[in-house]
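Novice: Handing you this structure, nothing more for now.
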Amino acid sequence: MKIAIKGGHIIDPSQAIDWIGDIFIDDGRIKDVRKQSAAFRSPGEEQSGGDDPEIRTIDAKDMFVLPGLIDMHVHLREPGFEYKETIQTGTLAAVKGGFTTVCCMPNTFPVNDNASVTEFIKRKASQEGHCMVFPIGAITKSQKGIELAEIGTMRDEGCIAFSDDGQPVMNSLIMRRALEYSKAFNVPIISHCEDTTLSEAGLMNEGLLSVTLGLRGIPAEAEQIMIFRDIVLAELTGGRLHIAHVSTEGSVSLIRSMKKRGANVTAETCPHYFSITEEAVKGYDTHAKVNPPLRTARDIEAIKEGLRDGTIDVIATDHAPHHRDEKLREFDMAPFGISGLETAVSLSLKLVDEGLLTMSQLVEKMATNPARIMQIERGAIKADTEASLVLVDKNKKYTVEAQKFVSKGKNTPFEGWTLKGMPVLTICRGKIYE
């Protein structure tokens, strides 16, 4: 199929593109990217001398045309938890949300802690996936934090990073060894920073509200202590460390100071950590139960400043879908997690509306930087590469209705919110999703 995207505001910081222009796609690959002129014609039109009926022309006026976004932190749940999500439904939710590449965490059943599970995920993604899927392997066997997993063989099979996400690696020696392996194999270790001796049995942010609601709290220090430990270990080993789902003011401050002294560390946060506070838990709303927990307004301001000044490199979703019945349990019994793929772009665009980020900086957080950190050839708009793009209508308003999510996970605290700006068309490997 030939596709001509005309008159869109094309933004790709990796190529220094930020202008109104046109893109021509043929057979799933970008053939031309150029600034728009009154005399513009696609290559197909130029060859035929007129309109080519085989070309689908997309009017992108008043829209952003962005490289396909990269989510480096998702839970696709397969194998083992297909009642929550599958690779097929999760990747469909991804392209609907503007993501053409996702990196899936290993806390499946069985855990992705060996090459056989990695191979299954890759094969399933190639058969049923709607976007590119890159597996992340477990740091330790069964994510128990006791013995290192088969990092070398999983790397050979296709894992591009390693994490025990959902569980911290409490043993400092094991974490040191993992970071040494990360240096040897040149892959990031993605750390779920949580001191479980402080957070044990915690359900929400520790503070006055948790006391008022009678729910056991998780102090900010549970996150911050482990961030400090892991950055120190990264300095010791020279390994590549990436901090997942940063949620506190203290965490931002720690990462900022350690980066200034040259630590080899990158960090991410998620839209819910700069959009809502612990107040969302009032009424014991399990859709607002997430780990690390939603924090305070002061933490939100620190997260935003960390995004603005580059302390936080990436916006990821931590897409964590659950079955409806699981979230309908009592608050202490319900699982942690938010279904985030289909609202991430709209929530993140609020940062641009607030003047905290430029659109180019937002693309860096959601495409350019994830590609750099994960070392994948994605997240760019340039000629003679695979066509993976997203068109975002910056003015379109809509109301969040979880039942319309294509993800199996309908668990969102943003139900009923009116958001402005959304992906309206995604092209992934040349296929159009609308």
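Novice: Quick check on this structure: which one of H272, H287 is in a helix (DSSP H, G or I), assigned by TED's automatic domain parsing to the domain that holds I190, surrounded by fewer than 24 Cβ atoms within 10 Å (Cβ to Cβ) and in contact (Cβ under 8 Å) with a residue 12 or more places away in the chain?
Specialist: H287
Novice: If a residue counts only when it is within 22 Å of I427 (Cβ to Cβ), which helices (runs of 4 or more DSSP H) contained entirely in the range 290-390 have at least 1 such residues? Quick ask: steps written out before the conclusion?
Specialist: Details: elements: 297-308, 324-327, 344-353, 359-363, 369-374.
Output list reads 344-353, 359-363, 369-374.
Novice: Considering only residues of the range 74-102 that are among the hydroxyl-bearing types (S, T, Y) and out of contact with any Gly (no Cβ under 7 Å at 6 or more places or on another chain), which is surrounded by the fewest Cβ atoms within 10 Å (Cβ to Cβ)?
Specialist: Here the answer is Y83.
Novice: How many residues does the range 222-240 hold that are more than 23 Å from E200 (Cα to Cα) and either of a type outside the set (G, A, S) or touching a strand residue (DSSP E or B) at 6+ places or on another chain (Cβ under 9 Å) (or both)? Lay out the reasoning, then the answer.
Specialist: First, pick out the residues of the range 222-240 that are more than 23 Å from E200 (Cα to Cα): 232-240.
With the extra rule that they be either of a type outside the set (G, A, S) or touching a strand residue (DSSP E or B) at 6+ places or on another chain (Cβ under 9 Å) (or both), the set shrinks to 232-237, 239-240.
Counting residues in the range 222-240 that are more than 23 Å from E200 (Cα to Cα) and either of a type outside the set (G, A, S) or touching a strand residue (DSSP E or B) at 6+ places or on another chain (Cβ under 9 Å) (or both) gives 8.
Novice: Let me ask you something else. Residues to consider are S182, S172; find the one that is touching a residue at least 24 places away in the same chain (Cβ under 8 Å), surrounded by fewer than 18 Cβ atoms within 10 Å (Cβ to Cβ) and assigned by TED's automatic domain parsing to the domain that holds P293.
Specialist: Of the residues listed, the single one that is touching a residue at least 24 places away in the same chain (Cβ under 8 Å), surrounded by fewer than 18 Cβ atoms within 10 Å (Cβ to Cβ) and assigned by TED's automatic domain parsing to the domain that holds P293 is S172.
Novice: Here's a follow-up. Hey, among L294, L208, which residue is buried (at least 18 other Cβ atoms within 10 Å of the Cβ) and hydrophobic (A, V, I, L, M, F, W, C)?
Specialist: One residue alone meets the criteria, L294.
Novice: Now for a different question. Would you confirm whether any residue within the range 106-114 is surrounded by fewer than 20 Cβ atoms within 10 Å (Cβ to Cβ), β-branched (V, I, T) and in a loop (DSSP other than H, G, I, E, B)? Working first, answer last.
Specialist: Quick first cut of the range 106-114, residues surrounded by fewer than 20 Cβ atoms within 10 Å (Cβ to Cβ) only: 109-110, 114.
If we keep only those that are β-branched (V, I, T) too, we end up with none.
No, there is no match, as no residue in the range 106-114 is surrounded by fewer than 20 Cβ atoms within 10 Å (Cβ to Cβ), β-branched (V, I, T) and in a loop (DSSP other than H, G, I, E, B).
Novice: So for the range 220-237 (the condition being touching a Lys or Arg at 6+ places or on another chain (Cβ under 8 Å), in a helix (DSSP H, G or I), crowded, with 23+ Cβ neighbours inside 10 Å and touching a residue at least 40 places away in the same chain (Cβ under 8 Å)), does at least one residue qualify?
Specialist: Yes, there is a match, as at least one residue in the range 220-237 is touching a Lys or Arg at 6+ places or on another chain (Cβ under 8 Å), in a helix (DSSP H, G or I), crowded, with 23+ Cβ neighbours inside 10 Å and touching a residue at least 40 places away in the same chain (Cβ under 8 Å).
Novice: If you go through the range 390-411 one residue at a time, how many are in contact with a Gly (Cβ under 7 Å, 6 or more places away or on another chain), under 30 Å from Y83 (Cα atoms) and touching a residue at least 40 places away in the same chain (Cβ under 8 Å)?
Specialist: Within the range 390-411, residues that are in contact with a Gly (Cβ under 7 Å, 6 or more places away or on another chain), under 30 Å from Y83 (Cα atoms) and touching a residue at least 40 places away in the same chain (Cβ under 8 Å) number 4.
The values are calculated or read from the model by the stated rules, or taken from the named source; none is laboratory data. No experiment lies behind these values; they were computed from the predicted model shown. When we count neighbours, we look across all protein chains shown, and the Cβ atoms used for this are built from the backbone with ideal geometry, even at glycine.
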